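Colleague: I'd like to ask you about the structure that follows.
The values are calculated or read from the model by the stated rules, or taken from the named source; none is laboratory data. Keep in mind that what you see is a predicted model, and the values were worked out from it rather than measured. When we count neighbours, we look across all protein chains shown, and the Cβ atoms used for this are built from the backbone with ideal geometry, even at glycine.
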Amino acid sequence: MRLFIAINFPDAMRTRLWNETAPLREVGYPVRWVDADNIHMTVKFLGDVDGSRIDDVRAGLVKAVGDTKAFYLPLGQFGAFPSPKRPRVLWVGCESLPVLELLADAVEREMSQLGFEAERGEGGHAFRPHVTIGRVRRDARPAALRGLAKHLEGLEFFEEPPVDSVDLMQSRLGSQGPRYERLGAAELSQ
């Protein structure tokens, strides 16, 4: 099973973000767009996991969340990794919040104790909170992406969706793109 840990958002916010990014899709850039139903923030990618480990992962996620209180996540400003001039991933950003950083670190620690490779910490990369909206196709030519940076700058979106759980998700890859299913939730305290 291909698993990841995510913050999911209310349907209305996903729809607003999808609608706001319509001008990008209409240009015809060589990008695989994330469907509105799949918009989320990945906290940790676990990869292929044996189904017999699901209960341990759920328990680790609940432990990681611990006493974290529910919070609001300010989303806005569009960009690209590694940069708008050489894009691979298009995203909407998130303000750096101490509660989010602590939550991501706790999830990283707990999953590391369960044997999952650490992505952050010593030798790893820093947590860069973002919501992926699209991935540039591998065979895309730079000329096909001309003007993308300007289009990203021209988008306006700001939301502060509530975060009251962190979810264990399964990704099923298919010809129509990935489909995500929630396998469990670790509720944040109120």
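Colleague: Return yes when VAL92 is within 14 Å of the chain's Cα centre (by Cα), modelled with pLDDT of 95 or more, within 28 Å of ASN19 (Cβ to Cβ) and surrounded by 15 or more Cβ atoms within 10 Å (Cβ to Cβ) and no when it is not.
Modeller: Considered against the rule, which asks whether it is within 14 Å of the chain's Cα centre (by Cα), modelled with pLDDT of 95 or more, within 28 Å of ASN19 (Cβ to Cβ) and surrounded by 15 or more Cβ atoms within 10 Å (Cβ to Cβ), VAL92 comes out as yes.
Colleague: Which of the numbered conditions does ALA185 fail, given that it passes all the others? Conditions: (1) of a type in the set (Gly, Ala, Ser); (2) on the phi < 0 side of the Ramachandran plot; (3) not in a strand (DSSP E or B).
Modeller: Every condition holds for ALA185 apart from (3).
Okay, residues lined up against (1) polar (S, T, N, Q); (2) over 14 Å from the mean Cα position of the chain (by Cα):
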| site | (1), (2) |
| --- | --- |
| PHE4 | no, no |
| THR21 | yes, yes |
| ARG25 | no, yes |
| ASP48 | no, yes |
| LEU97 | no, yes |
| MET111 | no, yes |
| LEU114 | no, yes |
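Colleague: Which residue pairs have Cβ atoms closer than 6 Å, lie 6 or more positions apart in sequence or on different chains, and pair a first residue in segment 168-187 that is closer than 17 Å to ILE39 by Cβ with a second residue that is among the aromatic types (Phe, Trp, Tyr) and surrounded by 13 or more Cβ atoms within 10 Å (Cβ to Cβ)?
Modeller: Going by the 6 Å Cβ cut-off, the qualifying pairs are MET169/PHE4; MET169/TYR180; SER171/TYR180.
Colleague: Return the total of residues in segment 74-112 being of a type in the set (A, V, I, L, M) and more than 20 Å from LEU188 (Cα to Cα).
Modeller: Counting residues in segment 74-112 that are of a type in the set (A, V, I, L, M) and more than 20 Å from LEU188 (Cα to Cα) gives 4.
Colleague: May I pose another question? Scan segment 135-152 and tell me whether some residue there is part of a strand (DSSP E or B) and either more than 21 Å from ARG14 (Cβ to Cβ) or under 16 Å from the mean Cα position of the chain (by Cα) (or both).
Modeller: Yes - at least one qualifying residue is present in segment 135-152.
Colleague: With respect to ALA118, is the statement that it is in contact with a Pro (Cβ under 6 Å, 6 or more places away or on another chain), at pLDDT below 95 and not in a strand (DSSP E or B) true?
Modeller: Here the answer is no, as ALA118 does not meet what is asked.
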